[in-house]
Amino acid sequence: MQIDPDVIEQHNRSRLAALDADYAALGGQLQRSNIDIESLTASAGRFGVAIPSWGVGTGGTRFARFPGRGEPRHVFDKLADCGVIQQLTQATPTVSLHIPWDDADPAALREQADKLGLGFDAMNSNTFQDQSDQPRSYKFGSLSHTDAATREQAVAHNIRCIEIGRALGSQALTVWVGDGSNFPGQTHMGKQFDRYLDAMTQVYAALPDDWQLFTEHKMYEPAFYSTVVQDWGSNYLIAKELGPKASCLVDLGHHAPNVNIEMIVSRLARFGKLGGFHFNDSKYGDDDLDSGAIDPYRLFLVFNELVDIERQQGDAFRPAYMLDQSHNVTDPIESLMTSAVEVQRAYLQAMLVDRQALSAYQADNDALMASQTLKQAFRTNVDPILQQSRLRSGGAIDPVGAYRESGYRAAVASERPAISGAGGGIV
Ligand SMILES: [Mn+2]
């Protein structure tokens with residue numbers, strides 16, 4: 001336990017009466033629509049979104065990085081912080097590791113994760129930056145590089161990530177590459193895609209039977225003219241070429257502004273190729289802001305599609321959900337807890353959609369009432385359900401409030417020396 005359970009209990013005790021009243025009022029309101037609040041609370045309890053290990057560090061921009069207090073020094077500190085997030089929110093039971101940033105003895109990692117009640121989600125490979133001990137540079141690409149030996153090195157790294165993941169009990173590999181080009185004519189886009197597919201076929205061949213391979217598209221950055229896996233169409237082609245264990249990962253920030261991401265969700269799921277999600281929010285581009293911070297309605301609309309698919313496909317539909325954000329001006333633990341709750345909230349709101357009524361309005365071409373049906377679910381304040389779910393599983397009614405009361409950040413800051421240095425980009 002990272003935070004003294006007494007602190008959480010005391011925190012909850014002072015909020016119990018208000019929660020009981022709010023929960024009863026919402027239960028009555030939902031009952032009028034024949035919705036059982038207890039079944040929603042049970043659904044909230046089953047919902048989980050993975051924490052990326054790199055998310056608990058302070059992020060930066062291309063311009064600068066301003067270190068935070070008590071930043072994790074290594075993967076074991078990162079796991080400790082993830083343990084706090086899970087302890088307080090009870091909505092983040094798994095951690096997604098990034099290799100080589102999180103390279104460590106798998107047995108030791110497993111032992112600490114077990115102690116914290118955490119499991120391991122998808123493994124993430126890194127062929128978008130050079131490591132000090134690697135013979136070939138990824139400056140001009142990795143899995144799609146023109147040089148065969150560089151591609152082999154990138155394939156070998158991905159296979160190593162699978163091996164580490166096996167030792168940890170993970171069952172998926174996420175591959176995102178920075179490959180692309182900055183100038184028209186710099187690369188032959190067709191041949192580059194062929195080289196990528198050939199390399200990924202080798203990675204795919206190394207997957208254990210019960211593993212999945214997620215490929216993540218991104219329209220720009222670090223390459224600014226073209227990227228090899230630019231859009232969901234390219235991503236779908238890759239997943240289809242590779243085989244049934246391959247599917248697409250959608251990162252909310254990796255699209256042009258105004259793109260209808262919920263429609264992409266619907267399309268990919270319809271053809272069995274929606275593997276998972278990276279949640280964040282953005283105003284302009286791939287801003288990596290906290291989930292639901294800018295456009296909570298879009299987050300809801302994405303979940304409206306996800307819940308619709310869940311209702312159709314049942315247990316067969318098990319997408320991998322992860323937060324993928326950068327925290328430049330907030331305490332990362334506070335941001336990740338807030339985002340986890342926002343994602344969970346959008347899921348619950350989407351479960352409130354009266355799908356029978358919506359279907360009838362769609363059949364009647366009643367655009368206004370169809371839209372209002374979604375709005376009605378979105379406007380419902382499901383806080384009492386989220387709070388009740390956390391309370392029942394040992395979490396905090398107000399995770400950020402309990403975290404601040406616990407003094408966790410000050411405590412770790414005294415143990416973890418300040419990390420100096422600038423350095424831009426993600427960490
Ligand atoms: Mn991502």
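What follows is calculated from the coordinates using simple rules that are stated; it is not laboratory data. Note that the structure is predicted; figures quoted are calculated from it, not measured. Neighbour counts run over all protein chains shown; Cβ positions are idealised from the backbone, glycine included.
Tell me, what is the FRET efficiency for ASP4 and ARG110 to the nearest 0.05, using R0 = 30 angstrom and their Cβ-Cβ distance as r?
0.75
So if we plug the beta-carbon distance of ALA24 and ARG62 into 1/(1 + (r/R0)^6) with R0 = 45 Å, what FRET efficiency do we get, rounded to 0.05?
0.35
Using Cα springs under 10 Å in a Gaussian network model of the chain, which residue among LEU274, LEU242, LEU299 shows the largest mean-square fluctuation?
LEU242
Could you give the nm distance between label points at ARG404 and ARG416, where each point is 7 Å from its Cα heading toward the beta carbon?
Distance between the two pseudo-spin positions: 2.0 nm.
Please compute the alpha carbon radius of gyration of segment 58-125, then divide it by the globular-protein estimate 2.2 N^0.38 Å. Two decimals is fine.
Segment 58-125 yields a ratio of 1.18.
With a point put 7 Å past each Cα toward its Cβ, work out how far LEU368 is from ASP147 in nm, to one decimal.
Placing both labels 7 Å along Cα→Cβ, they lie 6.5 nm apart.
Report, in deg cm²/dmol and to the nearest 500, the calculated mean residue ellipticity at 222 nm for the chain, where each DSSP H run with n ≥ 4 adds -39500 (n - 2.57) and the sum is divided by the residue count.
Working: 16 runs with 206 residues, N = 427.
So the calculated ellipticity at 222 nm is -15500 deg cm²/dmol.
How much length would be gained if the chain were fully extended between ASN260 and ASP194, taking 0.36 nm per residue of separation minus their Cα-Cα distance, in nm to one decimal?
Stretched fully, the ASN260-ASP194 segment lengthens by 20.9 nm.
Among SER282, SER33, SER125, which one moves the most in a GNM of the chain with springs linking Cα atoms closer than 10 Å?
SER33
What's the extension gain from HIS74 to GLN186 if we count 0.36 nm per residue and subtract their Cα-Cα distance?
Contour length minus the Cα-Cα distance gives 36.5 nm.
Give, in nm to one decimal, the length gained when the segment between ASP130 and SER359 is fully stretched (0.36 nm per residue of separation minus the Cα-Cα distance).
77.3 nm
GNM on the chain, C-alpha springs below 10 Å: top fluctuator among MET123, MET351, MET322?
Largest GNM mean-square fluctuation: MET351.
With just the Cα atoms of segment 115-236, tell me how far they stretch along each of the three principal axes, in Å, largest first.
52, 33, 27
How large is the charge dipole for segment 240-340, taken about the Cα centre, if only the Cβ atoms of Lys, Arg (+1) and Asp, Glu (-1) carry charge, to the nearest 20 debye? All intermediate terms of the calculation are to be shown ahead of the outcome.
Details: 9 positive and 16 negative charges, 129 e Å.
Computed charge dipole of segment 240-340: roughly 620 debye.
Assuming a ≥ b ≥ c are the square roots of the Cα gyration tensor eigenvalues, decide whether segment 213-326 counts as rounded (a/c under 1.5), prolate (otherwise, with a/b larger than b/c) or oblate.
Oblate shape, in that a/c is at least 1.5 and b/c is the bigger or equal ratio.
Quick one: Debye curve from the C-alpha atoms of segment 7-93, no solvent, what's log10 I(q)/I(0) at q = 0.10, 0.13, 0.16, 0.20 Å⁻¹?
The calculated log intensity ratios at q = 0.10, 0.13, 0.16, 0.20 Å⁻¹ are -0.46, -0.68, -0.85, -1.01.
Could you give the dipole magnitude of the chain about its Cα centre, charging the beta-carbon of Lys and Arg +1 and that of Asp and Glu -1, in debye to the nearest 20?
Rounded to the nearest 20 debye, it is 340 debye.
Strictly greater than 19 Å: what percent of every Cα pair in segment 302-357 meets that?
40 percent
Report, by chain and number, residues whose modeled amide H sits under 5 Å from the one on PHE277, excluding near sequence neighbours (fewer than 5 apart, same chain).
For PHE277, the qualifying residues are VAL250, ALA320, TYR321, MET322.
Of the options LEU168, GLY141, PRO208, report the single residue whose Cα projects farthest towards the positive end of the charge dipole of segment 61-219 (beta-carbon charges: Lys, Arg +1; Asp, Glu -1).
GLY141
Rank GLN344, GLN356, SER39 by how far each Cα sits towards the positive end of the charge dipole of the chain (+1 on Lys, Arg Cβ; -1 on Asp, Glu Cβ) and give me just the farthest.
Highest projection toward the positive end goes to GLN356.
How large is the Kirkwood hydrodynamic radius of the chain, in angstrom, based on all distinct alpha carbon pairs?
22.6 Å
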